[in-house]
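Every number in this text was worked out from the coordinates using simple rules, so none of it is lab data. These figures come from a predicted structure and were not determined experimentally. No Cβ is skipped: glycine too gets one built from the backbone with ideal geometry, and neighbour counts run over all protein chains shown.
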Amino acid sequence: MNTKQQILALLSAHTDRFVSGEEIAKTLNVSRSAVWKSINSLRNDGYVINAVENRGYMLSVPVDVISANEIHQLVDKPQYIDVYKSIASTNETAKQYAQSGKGEGVIIASAQTGGKGRLGRSFFSPSDSGIYMSFLLRPSYPAEKAVSLTTMAAVAVAESIEEIAGVSADIKWVNDIYVGGKKASGILTEAAISMETGTLDYAIVGIGINVYPPKNGFPTDIENIAGFLLPTLKNGTKNKLIASIINRFFEYYTSQKTDYVSKYCRRSFVIGKQISVISGDNKRNAIALDVDENCRLKVRYENGELATLSSGEISVRLK
């Protein structure tokens, strides 16, 4: 951790009292000037830090802000990480980046005004309570392997949620993460295909996570199905969660290993369940049998017909 992160950790550990600049400097073995500069930098990031002469500094309230600098300190491999306070859509911005020739990287926002979900739906993206991020990727994959990117992301998100938030996370094929029986995260993968090679020109993996309950609650159309990770703010959670997702995803993405598939299957709560396969206005009842090595869902319909789904939407009744 750099000096700023160390000071934030120290203040977070002593929210019941003021911590003097002298104590901070001595504990971290830095100068008082370095302490002062880091405190101002934390304030610029959005942290509310009270200062009282001859007493020191104290966090007034927990604030969990997204900071590109803090994320960079925690990621394993350097790449650009662009952070926006508010943006129309991280996926749309990633698409603009791709079309301008920009390489692989990450776009993150604290809020979206036009968040995108699957099948043209909107994705509820209120300010401060969630994480909204997109990976811009340029894989040398055939187009049919695009679904594997969603699978990698789902495993990375689920593992990171358990590591950082300390709550269990399950996966609903193909792109939803459930916590406590409710959807806490969704993933949207979009791609452009090279007509010359049949491979992906670029791919965008968008991830939305409800870290905390929104201030004004969820909209009525999703209030019974939407969930979140933590009930109250905890300093630094978002940055740690983002960094963990980046590290885990790029480990799967750059590796030749396919162990993410077995991890995906172990977390899937639909295998063996009665489901409905949804196509437009049509629904067909089926049993989810398995997820194959290409991350496709194997199902058996009521009439005994077997099918392998590479994309689509399913519903499952949760008890």
**OP:** Any chance you could give the angle, 0 to 90 degrees and rounded to 10, that helix 3-13 forms with the longest Cα principal axis of the chain?
**Re:** 90
**OP:** On a C-alpha basis, how far is the centre of the range 184-214 from the centre of the range 258-312 in Å? Whole number, if you could?
**Re:** 20
Original post:
Counting each DSSP H run of 4 or more residues in the chain as -39500 (n - 2.57), what helix-only mean residue ellipticity at 222 nm follows after dividing by all residues, to the nearest 500 deg cm²/dmol?
Top reply: -9000 deg cm²/dmol
Original post:
Taking the Cα centre of the chain as origin and charging only Cβ (+1 Lys, Arg; -1 Asp, Glu), how large is the dipole, in debye to the nearest 20?
Top reply: 400
Original post:
Hey, what angle do you get for helix 237-254 against the long axis of the chain, alpha-carbon based, 0 to 90 degrees rounded to 10?
Top reply: 50
Original post:
In what order do Leu297, Leu289 fall by count of nearby beta-carbon atoms within 10 Å, going from fewest to most?
Top reply: Leu289, Leu297
Original post:
Gap in Å between the Cα centre of the range 4-46 and the Cα centre of the range 224-256?
Top reply: 26
Original post:
Which shape class applies to the range 68-267: rounded if a/c is under 1.5, otherwise prolate when a/b exceeds b/c and oblate if not, where a ≥ b ≥ c are the square roots of the Cα gyration tensor eigenvalues?
Top reply: rounded
Original post:
What is the order of Thr150, Thr199, Thr189, fewest Cβ neighbours within 10 Å to most?
Top reply: Thr199, Thr150, Thr189
**OP:** Considering Cα pairs under 8 angstrom that are at least six residues apart, work out the relative contact order of the range 274-316 and quote it in whole percent.
**Re:** 38
**OP:** Any chance you could count the Lys pairs in the range 1-130 whose alpha carbons are under 23 Å apart, treating pairs 8 or more apart or on different chains as valid?
**Re:** 13
Original post:
Non-local amide H neighbours of Ser20 (under 5 Å, H modeled in plane, Pro and chain starts lacking H): which ones?
Top reply: Tyr57
**OP:** Rank the residues Arg17, Arg300 as a footprinting-exposure proxy: fewest other Cβ atoms within 10 Å of their Cβ go first.
**Re:** Arg17, Arg300
Original post:
Rounded if a/c is under 1.5, else prolate if a/b is larger than b/c, else oblate: which is the range 48-127, with a ≥ b ≥ c the root eigenvalues of its Cα gyration tensor?
Top reply: oblate
Original post:
Can you give the relative contact order of the chain as a percent, counting alpha carbon pairs under 8 Å and 6+ residues apart?
Top reply: 14
Original post:
Pairing the Cα long axis of helix 146-160 with the longest principal axis of the chain, what angle in degrees results, from 0 to 90 and rounded to the nearest 10?
Top reply: 40
Subject >> Magnitude of the charge dipole, the range 274-316, Cβ model with Lys/Arg +1 and Asp/Glu -1, debye to 20 >> reply: 60
